[in-house]
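Q: Next up is a structure, given as structure tokens.
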Amino acid sequence: MARRDFSAARLPGFATIAITVFVALYAPILMLVAYSFNAGDSIAIWEGFSLKWYPVAWNNAEVREVTLRSLTIAATASVLSTTVATMAALGTTRRRQTRGQTFIYLLINQPLMVPEIVTAVALLIFFASIKVATGYQGLGYLIAAHTAFCIPFAYLPIRARLEGMDLTLEIAAGDLYASSWQTFRHVTLPLLAPGIGAGMMLAFVTSLDDVVITLFVKSAGQDTLPTYMLAQIRRSVSAEVNAISTLLLLLTVLLLTAFFLLTRKRD
Amino acid sequence: MRDVAIEAVSLRKVYGTDQHAVVALDDVSISIRKGEFFTLLGPSGCGKTTLLKMIAGFETPSEGNILLNGHDITEQPPNRRPVNTVFQSYALFPHLTVRQNVGFGLSMLGRPAAEIDEVVNRALGLVKLEAMADRKPQQLSGGQQQRVALARALAPSPEVLLLDEPLSALDLKLRKEMQTELKRLQLELGITFIFVTHDQEEALTMSDRIAVMSSGNLLQVGTPKEIYNHPVNRFVADFIGETNFIPAQVAGTTATIGGDIALPVDPASPQGSHTLAVRPEHIRIVPSGAEATLRALITESVYFGTDSHVRLRLANDIELVARFQSDEAGGDAPPVDTEVGLIFAPGALQVLED
Ligand SMILES: Nc1ncnc2c1ncn2[C@@H]1O[C@H](COP(=O)(O)OP(=O)(O)O)[C@@H](O)[C@H]1O
Ligand SMILES: [Mg+2]
């Protein structure tokens, strides 16, 4: 008989642990979704099926306002961070390996490694001094902060795509009279597009979902959807929040599905 | 000279620095004529691709110059050189259709759409791929992709077409077909082809002239016949075709092999201790009674249809390989252990410098 390689899947108790983990991960989400269809406003007592919380959430002007703000920030931050990430990825893969490479890589991925709370406090202090100096109180701070922590999420899929790209294609474009810009525009960019799209979606979802940094950086009246939900839940838990969460979940699932379709290896 | 397309002057290319330096080309000078099918032939790693890359502009020479039609293009970037390349890996753009791939060069040059359409159609016609115009490269077979790469490189009508082992990924039958096809295209279009291969048979059948290279040096440049019949040294003779090598002492017009067998050689041959080379098909086998230069014993004979490959042993144990041409009566080489006579065609015996 052929020697069987070690596999964690054959350890005793593996199935039990796996099932426990999946239940722990998904049971609360399933419950949240289920109670968003509850007829009563309790999130513990089932009072029958109803769709009423969705129109309630939709007609809540405050919900609409914070949702719009979240989407604005996420859209702007994802476009900006993806632009920066694309340039960073081109800069780190399109040149010969240098000793500084690892350092630059670490710099770009800093938001993944520094604890979020540290970044949040640092930004709070930094932006506070700018607010004092300039008097500007707008959304710019949130957008800047979100752009910064979204960069590594946008960077990773773009870099992966670039590394898998055949450099001969760019040489061939140059051979066929394309200038550097034409080569980028007609060869590199189209081949990179799925990576850029994937990076942008990941950045969008990451921004949409952020609480910690947003809480620290936002000025008064700048609640985003997550910070608004947090405030609501602190006051009273209502099925309305469940409905909003379910919609947010749906959006995220759609975006992540698109992400996987874009990054999937094509044969 | 007006008929020279590409001229390389004292080209040298060193990759890397200091202790890691690799000399890929060592002082190579070469003139390639307009409309010529010119082949760079040599074993893997001898610097063929490096030379091609410098003509295309993908690499800059460490020393020396490259001239196109008499103008120095050494400093010109690839996109300014009227030179196109057929890449070994084809390098077709996967996001573009066959038509867009073939039209890429002209489109980058900013030619009008109508002109591009016309040229692309003609180029696709040349390589017989009109029916595949709207497919993506991934939907084509290897041979078809190869032809797209060829059409794409030909469409902008370059002065010089560079082909880096373009046929090496194809199977034998397809390779033979493409060899004929390439030769036909080259004759039809009159474009200078610089073709790289490590396959000596391919080089002999397709080229007007061949340059034989070895470890960054140019050993010999000449027509296939010159190279085959008058190799300048043992490396060239060995690399191209099959050859018998016999150590010999040359004095005047006599080469002595095995101590006491004297053979006549060209008076201009280098003197002293050298290698005598003779192609198997230049040795004629005659019955032992007939007049002959040498006597030999047949030790092995393998029938190949058009001829037999015969192994011969001379007195003092020197071994030679010869061909025995089959005739219309089905005549075959004499059986093993037969005594025969050998006659060398005039000029068949060459004294080689090592
Ligand atoms: N980019 C490079 N860096 C370092 N060495 C190289 C590079 N390209 C080629 N070489 C070396 O130069 C020599 C010639 O290579 P190449 O021109 O590709 O040979 P060929 O095409 O005849 O097989 C080889 O020894 C090869 O290892
Ligand atoms: Mg090569």
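Q: Could you tell me the center-to-center distance, by alpha carbons, between the stretch A:191-253 and the stretch B:298-325 in angstrom?
A: Each part reduced to its Cα centre gives a spacing of 85 Å.
Q: Same structure again: I need the semi-axes of the equivalent ellipsoid of the stretch A:152-232: take the C-alpha gyration tensor, multiply each eigenvalue by 5, square-root it, list largest first in whole angstrom.
A: Working from the Cα gyration tensor, I get semi-axes of 41, 12, 8 Å.
Q: Using the 2.2 N^0.38 Å rule of thumb for compact globular proteins, work out how the stretch A:74-135 stacks up: its C-alpha Rg over that value, please.
A: Numbers: Rg = 15.2 Å, N = 62, 2.2 N^0.38 = 10.6 Å.
Scaled against compact globular proteins, the figure is 1.44.
Q: Please report, largest first and rounded to whole Å, the three semi-axes of the ellipsoid equivalent to the stretch B:113-153, where each semi-axis is the square root of five times an eigenvalue of the C-alpha gyration tensor.
A: One finds semi-axes of 18, 10, 8 Å for the stretch B:113-153.
Q: Further, regarding this structure: Can you pick out the pairs among B:13/B:53; B:128/B:176; B:53/B:176; B:34/B:183; A:131/A:218 whose Cα atoms lie more than 19 Å from each other?
A: Numbers: B:13/B:53 11 Å; B:128/B:176 16 Å; B:53/B:176 26 Å; B:34/B:183 15 Å; A:131/A:218 12 Å.
With Cα atoms farther than 19 Å apart: B:53/B:176.
Q: Let me know the volume per residue of the alpha-carbon convex hull for the stretch B:97-223, in Å³.
A: Hull volume normalised by residue count: 122 Å³.
Q: Could you give the nm distance between label points at residue B:326 and residue A:75, where each point is 7 Å from its Cα heading toward the beta carbon?
A: A separation of 8.0 nm, rounded to one decimal place.
Q: Give me Rg over Rh for the stretch A:112-267, both radii from the alpha carbons and Rh done the Kirkwood way, two decimal places.
A: Rounded to two decimals, Rg/Rh equals 1.10.
Q: Measure off 7 Å from each Cα along the Cα-to-Cβ vector at residue A:121 and residue A:189, then give the distance between these two points in nanometres to one decimal.
A: Rounded to a tenth, the inter-label distance reads 4.4 nm.
Q: Give a residue-ordered list of calculated ³J(HN,Hα) values for the stretch A:165-175 (Karplus: 6.51 cos²θ - 1.76 cosθ + 1.60, θ = phi - 60°; whole Hz; x for Gly, Pro).
A: 7, 7, 5, 4, 4, 6, 5, 4, 4, x, 4
Q: On C-alpha positions alone, give me the angle between the axis of helix B:98-108 and the longest principal axis of chain B, in degrees, nearest 10.
A: That works out to roughly 70 degrees.
Q: For chain A, set up a Gaussian network in which alpha carbons nearer than 10 Å are linked by springs, and say which option among A:241, A:212, A:21 fluctuates the most.
A: A:21
Q: Ok, one more. At 222 nm, what value in deg cm²/dmol follows for chain A if DSSP H runs of at least 4 each add -39500 (n - 2.57) and the sum is divided by all its residues, to the nearest 500? Don't jump to the answer; show the numbers that get you there.
A: Numbers: 13 runs with 192 residues, N = 267.
Helices in chain A give a 222 nm mean residue ellipticity of -23500 deg cm²/dmol.
Q: Would you please classify the overall shape of chain A from the alpha carbon gyration tensor, given that a ≥ b ≥ c denote the square roots of the eigenvalues, rounded means a/c under 1.5, and beyond that prolate means a/b larger than b/c while oblate covers the rest?
A: Oblate, since a/c reaches 1.5 and b/c is not below a/b.
Q: How far apart, in nanometres, would the label points at residue B:169 and residue A:129 be if each is projected 7 angstrom from Cα along the Cα-to-Cβ direction?
A: Those two pseudo-labels are separated by 5.7 nm.
Q: Starting at the first residue of the stretch B:64-75, write each ³J(HN,Hα) from the Karplus equation 6.51 cos²θ - 1.76 cosθ + 1.60 with θ = phi - 60°, in whole Hz, x for Gly and Pro.
A: x, 9, 10, 10, 10, 6, x, 9, 6, 10, 3, 8
Q: Out of all Cα-Cα pairs in the stretch A:1-157, roughly what percent, to the nearest whole number, are more than 29 Å apart? Could the numbers behind the result be given before it?
A: Details: 6617 of 12246 pairs.
That fraction is 54 percent.
Q: Could you give the dipole magnitude of the protein assembly as shown about its Cα centre, charging the beta-carbon of Lys and Arg +1 and that of Asp and Glu -1, in debye to the nearest 20? Present the calculation step by step, with values, prior to reporting the outcome.
A: Numbers: 51 positive and 59 negative charges, 568 e Å.
Charge dipole of the protein assembly as shown: 2720 debye, to the nearest 20.
Q: Let's test this: bin the Cα-Cα distances of chain B at 20 Å from zero up to the farthest pair and state each bin's percent.
A: 26, 45, 25, 4
Q: Which shape class applies to the stretch A:213-267: rounded if a/c is under 1.5, otherwise prolate when a/b exceeds b/c and oblate if not, where a ≥ b ≥ c are the square roots of the Cα gyration tensor eigenvalues?
A: Oblate is the answer for the stretch A:213-267, as a/c is 1.5 or above yet b/c matches or exceeds a/b.
Q: For the stretch B:1-98, rounded, prolate or oblate, judged on the Cα gyration tensor with a ≥ b ≥ c (square roots of eigenvalues), a/c < 1.5 rounded, else prolate if a/b > b/c?
A: Judged from the Cα gyration tensor, the stretch B:1-98 comes out oblate (a/c at least 1.5, b/c at or above a/b).
Q: Oh, and also: Which residue fluctuates most in the GNM of chain A (Cα springs below 10 Å): A:220, A:34, A:15?
A: Among A:220, A:34, A:15, the largest mean-square fluctuation in the Gaussian network model of chain A belongs to A:15.
Q: For the protein assembly as shown, compute Rh as the Kirkwood radius over C-alpha pairs and then the Stokes-Einstein diffusion coefficient at 20 °C and 1.002 mPa s; write the answer in µm²/s, rounded to an integer.
A: Details: Rh = 31.4 Å.
So the translational diffusion coefficient is about 68 µm²/s.
Q: What number, rounded to the nearest 500 deg cm²/dmol, is the helix-based mean residue ellipticity at 222 nm of chain B, given -39500 (n - 2.57) per DSSP H run of at least four residues and division by all its residues?
A: -7000 deg cm²/dmol
Q: Determine the total buried accessible area between chain B and chain A, counting protein heavy atoms only with a 1.4 Å probe; round to the nearest 100 Å².
A: Using a 1.4 Å probe on protein heavy atoms, the buried area is about 1700 Å².
Q: Could you tell me the accessible area of residue B:7 in Å² (1.4 Å probe, neighbours in place), rounded to the nearest ten?
A: Answer for residue B:7: close to 60 Å² accessible.
Q: What part of the accessible area of the protein assembly as shown, given as a whole %, is carbon or sulfur when the probe is 1.4 angstrom?
A: On the protein assembly as shown, the fraction of accessible area on carbon and sulfur atoms equals 59 percent.
Q: Grab the beta carbon distance between residue B:27 and residue B:242, set R0 = 30 Å, and tell me the FRET efficiency rounded to 0.05.
A: Numbers: r = 31 Å, r/R0 = 1.03.
Computed FRET efficiency for residue B:27 and residue B:242: 0.45.
Q: In a Debye calculation with equal point scatterers on the alpha-carbon sites of the stretch B:242-352 and no solvent, what is log10 I(q)/I(0) at q = 0.13 Å⁻¹?
A: Cα-only, vacuum Debye calculation for the stretch B:242-352: -0.47.
Q: Got a sec? Which residues in the stretch B:77-95 would a label at residue B:138 touch, if it sits 7 Å along Cα→Cβ and we count backbone N under 19 Å?
A: Under 19 Å, as judged by backbone N against the label point of residue B:138, lie B:89-95 of the stretch B:77-95.
Q: How tilted is helix A:189-208 with respect to the longest principal axis of chain A? Cα atoms for both, answer in degrees (0 to 90, nearest 10).
A: 30 degrees
Q: Right, another one. Can you give the % of DSSP beta bridges in chain B that are antiparallel, to the nearest 5? Write down the numbers at each step before the final one.
A: Details: 61 of 80 bridges.
Antiparallel bridges make up about 75 percent of those DSSP assigns within chain B.
Q: Please report the relative contact order for chain B, taking Cα pairs under 8 Å with a sequence separation of at least 6, and give it as a percent rounded to a whole number.
A: For chain B, the relative contact order is 15 percent.
The values are calculated or read from the model by the stated rules, or taken from the named source; none is laboratory data. Bear in mind the structure is a predicted one, so any value in this text is a computation, not a measurement. Cβ coordinates were reconstructed from backbone atoms using ideal geometry, including for glycine residues, and neighbour counts include every protein chain displayed. Ligands, DNA and RNA are excluded from the accessible area calculation, which covers all protein heavy atoms including side chains. Shrake-Rupley method; radii C 1.70, N 1.55, O 1.52, S 1.80 Å.
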